[in-house]
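Enquirer: Structure in structure tokens, see below.
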Amino acid sequence: MTQKHHNTRTYSPHKIRSQGLGKKLAKQLRPWHRRLGIFCALFIMLMAITGVVINHSNHLSIDSAPVQQAWLLDYYGITPPSKLAIYQTQPLSLASSDNLVWVQHKQAVEADSEIKGMLALDNMLIAVDTGHLYILSQDGDLMEKQDASMGLPRDIQEIGYDGQIWLKAQDGYFMADDQLIEWTKAMPFSPIPWAVPLQTDTAQTEAAAISLLARSSHLTWERVLLDVHSGRFFGSLGPWFMDLVALSLIIMAISGIYLWQQGRPKKKNRISSN
């Protein structure tokens with residue numbers, strides 16, 4: 001006669017308690033795991049989208065695309081230019097903002113110092129700062145730049161035109177020849193019509209547009225996206241906040257592995273028989 005023996009595995013009280021604690025911990029971890037998942041998902045999407053766009057910033061032209069949203073420029077603390085002048089609105093828009101020259105709403109020249117005046121003569125445009133004279137085409141292309149080494153007077157204050165181009169400098173008045181090559185110190189016989197900014201309603205509207213363009217030249221969309229991606233866009237606490245998101249992801253990974261381990265089906269005890 002054959003007698004069957006059933007081998008059963010017995011569990012110690014310590015192991016039973018451990019399994020009970022594991023189930024309780026898993027039960028408490030599940031809702032927090034879901035909440036952290038929802039919290040992190042939003043920022044992961046934000047970081048993923050900004051990362052992809054930044055990676056292709058050159059092809060998308062956002063590396064040179066200026067930000068023209070006034071509220072965003074205000075957020076970055078970019079203030080309007082301290083000196084803004086509109087010298088002509090028709091047929092060409094000619095303006096200056098601090099050391100920048102604008103032709104048809106396009107930045108034409110970044111001068112070494114504040115622009116002192118601008119003229120439109122025939123097929124060329126002329127602008128001066130304290131120590132330089134800039135000759136431009138009507139399209140805003142810089143054709144020539146003069147300084148003291150080429151005979152230009154120092155400490156220029158104004159530019160004017162009465163059939164000849166005149167400069168008012170600290171040392172007096174200087175008249176140019178027809179080719180704008182030589183500058184001769186002279187005394188004008190009559191008052192010179194100096195280049196002065198317009199004060200019309202059209203000029204004020206134009207000034208608002210140039211002011212926005214001048215501010216936007218200091219900020220590109222690539223810079224904004226980089227700041228959003230790194231968290232700096234959200235202020236001094238932004239990078240710390242992004243660190244919190246990273247820590248949440250680590251906790252999610254650890255808790256996810258633990259919950260997966262707890263949810264695995266237990267191996268059935270084999271019943272051996274003799």
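The values are calculated or read from the model by the stated rules, or taken from the named source; none is laboratory data. Just so it is clear, the model here is predicted, and its values are computed rather than measured. Positions of Cβ are generated from backbone atoms using ideal geometry, with glycine treated the same way; all protein chains shown enter the neighbour counts. The area values use the complete protein model at the heavy-atom level, side chains included, leaving out ligands, DNA and RNA. Shrake-Rupley method; radii C 1.70, N 1.55, O 1.52, S 1.80 Å.
Enquirer: Residue check, residue 110 against (1) at pLDDT below 90; (2) open to solvent by 80 Å² or more (accessible area, probe 1.4 Å), all met but one. Which one?
Expert: Checking residue 110 against (1) at pLDDT below 90; (2) open to solvent by 80 Å² or more (accessible area, probe 1.4 Å), the one that fails is (1).
Enquirer: Sticking with this one: Residue 75: among the aromatic types (Phe, Trp, Tyr), touching a residue at least 24 places away in the same chain (Cβ under 8 Å) and out of contact with any Cys (no Cβ under 9 Å at 6 or more places or on another chain), yes or no?
Expert: Details: among the aromatic types (Phe, Trp, Tyr): yes; touching a residue at least 24 places away in the same chain (Cβ under 8 Å): no; out of contact with any Cys (no Cβ under 9 Å at 6 or more places or on another chain): yes.
Judged against the criteria, residue 75 is not a match.
Enquirer: Can you work out which of the residues in region 214-236 that are hydroxyl-bearing (Ser, Thr, Tyr) and either touching a helix residue (DSSP H, G or I) at 6+ places or on another chain (Cβ under 6 Å) or under 14 Å from residue 66 (Cβ atoms) (or both) is most open to solvent (accessible area, probe 1.4 Å)?
Expert: Per the stated criteria, the residue is 217.
Residue-wise test of (1) at pLDDT below 70; (2) touching a strand residue (DSSP E or B) at 6+ places or on another chain (Cβ under 8 Å); (3) part of a loop (DSSP other than H, G, I, E, B); (4) open to solvent by 50 Å² or more (accessible area, probe 1.4 Å).
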residue	(1), (2), (3), (4)
241	no, no, no, yes
245	no, no, no, no
252	yes, no, no, no
268	yes, no, yes, yes
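Enquirer: When the residues of region 53-82 are narrowed to those that are at pLDDT 90 or above and hydrophobic (A, V, I, L, M, F, W, C), which ends up surrounded by the fewest Cβ atoms within 10 Å (Cβ to Cβ)?
Expert: 71
Enquirer: Is it true that residue 146 is closer than 17 Å to residue 206 by Cβ and either surrounded by 13 or more Cβ atoms within 10 Å (Cβ to Cβ) or touching a residue at least 24 places away in the same chain (Cβ under 8 Å) (or both)?
Expert: No: the conditions fail for residue 146.
Enquirer: Quick one: count up the residues across region 175-213 that are open to solvent by 60 Å² or more (accessible area, probe 1.4 Å) and in a loop (DSSP other than H, G, I, E, B).
Expert: Count: 13.
Enquirer: Residues to consider are 198, 167; find the one that is more than 15 Å from residue 84 (Cα to Cα) and not small (Gly, Ala, Ser).
Expert: Of the residues listed, the single one that is more than 15 Å from residue 84 (Cα to Cα) and not small (Gly, Ala, Ser) is 167.
Enquirer: Next question, about the same structure. Which strands (runs of 3 or more DSSP E) sit wholly inside region 66-168 and have at least 2 residues that are hydrophobic (A, V, I, L, M, F, W, C) and closer than 30 Å to residue 222 by Cα?
Expert: Ranges flagged: 84-88, 94-97, 100-103, 106-110.
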